[in-house]
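The values are calculated or read from the model by the stated rules, or taken from the named source; none is laboratory data. A quick note: this is a predicted structure, and the numbers were derived from the prediction, not measured. Reconstructed Cβ throughout: ideal geometry from the backbone, glycine too, with neighbour counts over all protein chains shown. Each accessible area value is taken on the protein alone, full model and side chains, heavy atoms only, with ligands, DNA and RNA left out. Shrake-Rupley method; radii C 1.70, N 1.55, O 1.52, S 1.80 Å.
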Amino acid sequence: MRIVFSCTGTKAEPWLRSLRMALPDAQIEEWAPGAPQADYAVVWAPPQTLLDEQPKLKAMFNIGAGVDALMRLRLPADLPIVRLDDAGMSVQMAEYVCHAVIRHYRELDVCEVDEARQRWSYHPPRLRSDFSVGIMGLGVLGERVAKAVAAFEFPVNGWSRSPKSIDGVRCFHGQDQFHDFLAATRILVCLVPLTPDTVGVLNRDSLGRLKPGGYVINVARGAHVVDEDLIALVDSGHLAGATLDVFHTEPLPPEHPYWQHPKITVTPHTSARTERELSIGQIVQKIQALERGEKIAGVVDLGKGY
Ligand code: NAP
Ligand code: GLV
């Protein structure tokens, strides 16, 4: 069996070492133009040339949950694209989002500013019931996040494409229920995949429908947000602020207004990182299952784009 590895922005050597240990009989190499035909590819944002030169792949494994970079390429219609199926990401995402929700609700961001000025100030408690949290996307990550936030007794709404039923979560679905979902939400968490249907979904209209004092947590993709609209709504006071982990351009350019905005917190695409050994374990198990002729979970629906 031959496997090629092509992950933009990722050091290949530790991946190759662990993959070779897990699959000692396979030939596993970093892909370069002209490489011999492989059976499987392990990728993150690979070049189109890889796909053009490797027409006989049995499957392509993405080392992340989001496949938007792959969906921009010309893919053979019958090539199974396999996304990471949690592999240690959902617990990280739950930690990050709960932290951002609680930091905002408990005004810990204000305490940070006070501390820097050596100011001992009292903030009267706010009502948890006034801080409904709405999770856009109830998939592998969104469902775990919704349950984690609900465990802190916040009212939780969720929105997905198809109907869902999750204990402790008021579930909305489809475009018809999007406005009701937004109107019921104060802290909005974006965890939908980036597709033609969701690009720019966080804009003046949608964010303007959040409850007054709304707050945005974007942990999906930067292109979900219309940056100028978000900043205008924060500056007008309709939104209290935002915590953003993902951006149109990454790294976020030094001149971008998000960096200096006092009500916007920036983190460097770090909310749920790929855990190498867990991910390799999952990929190897799936390759072995495919070799036995078995079905595997996590195959992307190319029609839906996620
Ligand atoms: P997933 O399992 O594919 O779940 C996606 C969810 O979004 C599903 O509930 C789906 O609805 C819903 N959805 C998709 N399109 C929709 C639409 N047009 N309208 C309403 N709902 C829609 O994905 P996941 O594993 O949870 O990951 C979600 C995203 O998180 C990834 O695509 C990636 O962009 C991002 N991510 C970011 C980081 C980071 O570090 N910042 C790390 C990992 C992932 P149905 O259930 O009805 O299909
Ligand atoms: C990271 O952003 C991922 O999609 O896994």
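Worth a mention:
- Beta bridges per DSSP, both residues in region 89-266: antiparallel share near 5 percent.
- Stokes-Einstein D in µm²/s, Kirkwood radius over Cα pairs - region 89-266 at 20 °C with 1.002 mPa s viscosity: 130
- Applying the criteria of a DSSP loop state and at most 14 other Cβ atoms within 10 Å to the trypsin sites (Lys or Arg not before Pro) of region 5-34 yields LYS11.
- Antiparallel bridges, percent of DSSP beta bridges restricted to the chain (to nearest 5): 5
- Between ASP114 and ASP205, the FRET efficiency estimated from the beta carbon spacing at R0 = 30 angstrom works out to 0.30.
- Considering only VAL192, VAL149, VAL43, the Gaussian network model of the chain with Cα springs below 10 Å gives its largest mean-square fluctuation to VAL43.
- In the chain, the sites counted are GluC sites (Glu not before Pro) in DSSP loop states with at most 12 other Cβ atoms within 10 Å, and the longest stretch holding none of them, exclusive of the sites, is 1-152.
- Under the Debye formula (equal points on every Cα, no solvent term), log10 I(q)/I(0) of the chain at q = 0.08, 0.11, 0.15, 0.16 Å⁻¹: -0.40, -0.72, -1.17, -1.27
- In this structure CYS7 has an accessible area near 10 Å², from a 1.4 Å probe over the protein heavy atoms.
- Relative contact order of the chain, pairs being alpha-carbon contacts under 8 Å that are 6 or more residues apart, as %: 16
- Using a cutoff of 8 angstrom between alpha carbon atoms and counting only pairs six or more residues apart, the relative contact order for region 240-291 works out to 37 percent.
- Total charge dipole magnitude, region 89-266, about the Cα centre, Cβ charges on Lys, Arg, Asp, Glu only, Debye to nearest 20: 480
- The listed residues TYR122, TYR306, TYR96, TYR40 rank as TYR122, TYR306, TYR96, TYR40 when sorted by accessible area, largest first, using a 1.4 Å probe.
- Debye intensity ratio I(q)/I(0), log10, region 2-140, q values 0.10, 0.19, 0.20 Å⁻¹ (C-alpha model): -0.54, -1.11, -1.20
- Charged-residue dipole, Cβ positions (Lys, Arg, Asp, Glu), the chain about Cα centre, Debye nearest 20: 440
- Average accessible surface area per residue within the chain, 1.4 Å rolling probe, Å²: 50
- Taking region 89-266 and dividing mean pair separation by its residue count, relative contact order in percent (alpha carbons under 8 Å, at least six apart): 16
- Protein heavy-atom surface of the chain, 1.4 angstrom probe: 52% of the accessible area is carbon and sulfur, with nucleic acids and ligands not counted.
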